[in-house]
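Reading through the structure tokens given below for one structure.
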Amino acid sequence: MQIDLIQEARRQTEICNACRYCEGYCSVFPALHAKRAFSDGDITQLANLCHNCRGCYYACQYAAPHEFDLNLPAALAEVRQASWEQFAFPNRLAASFQKNGMAIAIFATLCFAALFGLARWLGQGAGAGFYGVLSHNLMVAIFTPAFLLPLISIALGLRRYWVAVGGKPVAFGDVMQAFLAAANMRNLAGGHGDGCNFEDEDRFTHARRMAHQLVLFGFLLCFASTAAGTILHYVFNMPAPYGLFSLPKLLGVPGGLMLTAGALWLFILKLRADPALGALAARSGEFGFIALLGFVGFSGLALYGLGQTALMPTLLALHLGAVLAFFLLTPYTKMAHGFYRLAALVRDAQRQRDEVR
């Protein structure tokens, strides 16, 4: 990680530690105020604990034009982004995506879609619905390693992160506390529950919190839909296609709607937000990831709605191409931040438990 990013974040956190005006804003400040000096690992932990709500910046009396020139959200965002790139495996791919995220997402989706189209012409699938275009065995052969390899990569990155921030053996209570904080997006609610002013300096809203929740729970429903279809196929010998009132559709359709709406909302909020309060070098990667995530949800809905028309093979190739790109790029996109932020919340739960003792 670049030393100057750590040093600048350390300078700003030391000033914040002396001021303490923002003590109740989010989880960053209790963790920050528990220290007198900050190691590189401490700064990395604070950076990944930060949700970039930006309330502290707009409330800060030492922001520019003051000579201290504090911009803690941007300083922590830069360190956070650098930490993801440092811990990713292999890490060069992470840096490339952050600089050219939108182009890489589009290119990967179209290339994978073309490969799926080519696979269709090389040999028709055997079965009904989607399996008449691509066989079930081919889909399993492609997506199983595409799902497992990124998970292994993320696990290696999280292990590096845990060592860097001084993580301890994990207790069940710490994990539950972290999951609850992540599920209700507590740190996006503002210090007094009024929300954050991410996209507008003078107006506190829960828009970003709700958009994140739509994306989170939409993604989980889509994942549950896929898992339900897998169980029906292998355990109950009930292959797709499934009807509207089947479990895969009851989970997948609402999940797709939530995922698409949440991604679009986040895209709009990020366009409205001040880029100077985030990691400027990662802006393309952030937009690319949100666009890819939204397209996965949208293409899945389009495929369901037009699955009985002549457009189905093309839509299937595009959808599967987007899903494959999403999986393979996960360790190098902002999707990884969900794993690192959860790890940061677990580490913070450990800190709180140690303080009680």
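Within the stretch 142-174, track down each residue that is of a type in the set (A, V, I, L, M, F, W, C), farther than 15 Å from Ser83 by Cα and crowded, with 17+ Cβ neighbours inside 10 Å. Once the filter is applied, which keeps residues that are of a type in the set (A, V, I, L, M, F, W, C), farther than 15 Å from Ser83 by Cα and crowded, with 17+ Cβ neighbours inside 10 Å, the stretch 142-174 yields Ile142, Ala146.
Within the stretch 304-351, if we keep just the residues that are without any contact (Cβ under 8 Å) to a residue 60 or more places away in the chain and over 25 Å from Ile152 (Cα atoms), the residue that is surrounded by the most Cβ atoms within 10 Å (Cβ to Cβ) turns out to be Leu315. Is it true that some residue in the stretch 235-250 is closer than 24 Å to Cys111 by Cα and either in contact (Cβ under 8 Å) with a residue 12 or more places away in the chain or not assigned by TED's automatic domain parsing to the domain that holds Leu149 (or both)? No, that holds for no residue. If only residues of the stretch 36-54 that are buried (at least 23 other Cβ atoms within 10 Å of the Cβ) and not in a loop (DSSP other than H, G, I, E, B) are counted, the one that is farthest from the chain's Cα centre (by Cα) is Ile43.
Give the stretch 338-357 a look and list any residue that's in a helix (DSSP H, G or I) and modelled with pLDDT under 85, or say none. Listed by number, the residues that qualify are Asp354, Glu355, Val356.
Please work out if Leu232 is in the same structural domain as Gln308 (by TED's automatic domain parsing), farther than 19 Å from Val296 by Cβ and surrounded by 15 or more Cβ atoms within 10 Å (Cβ to Cβ). In short, yes.
Give the residues of the stretch 281-302 that are among the hydrophobic types (A, V, I, L, M, F, W, C) and either touching a Pro at 6+ places or on another chain (Cβ under 7 Å) or free of Cβ contacts under 8 Å to residues at least 24 places away in the same chain (or both), sorted by residue number. Matches in the stretch 281-302: Ala302 only.
This table checks each residue for (1) out of contact with any His (no Cβ under 9 Å at 6 or more places or on another chain); (2) at pLDDT 80 or above; (3) not in a helix (DSSP H, G or I).
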position	(1), (2), (3)
Arg160	yes, yes, no
Gly167	yes, yes, yes
Asp174	yes, yes, no
Ala182	yes, yes, no
Glu199	yes, no, yes
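Could you tell me which residue of the stretch 247-279 is surrounded by the fewest Cβ atoms within 10 Å (Cβ to Cβ), considering only residues that are of a type in the set (D, E, K, R) and part of a helix (DSSP H, G or I)? By that ranking, first place goes to Arg272.
The values are calculated or read from the model by the stated rules, or taken from the named source; none is laboratory data. Quick caveat, the model's predicted, so the values are computed rather than measured. Note that each Cβ is placed from the backbone with ideal geometry, even for glycine, and that neighbours are counted across all protein chains shown.
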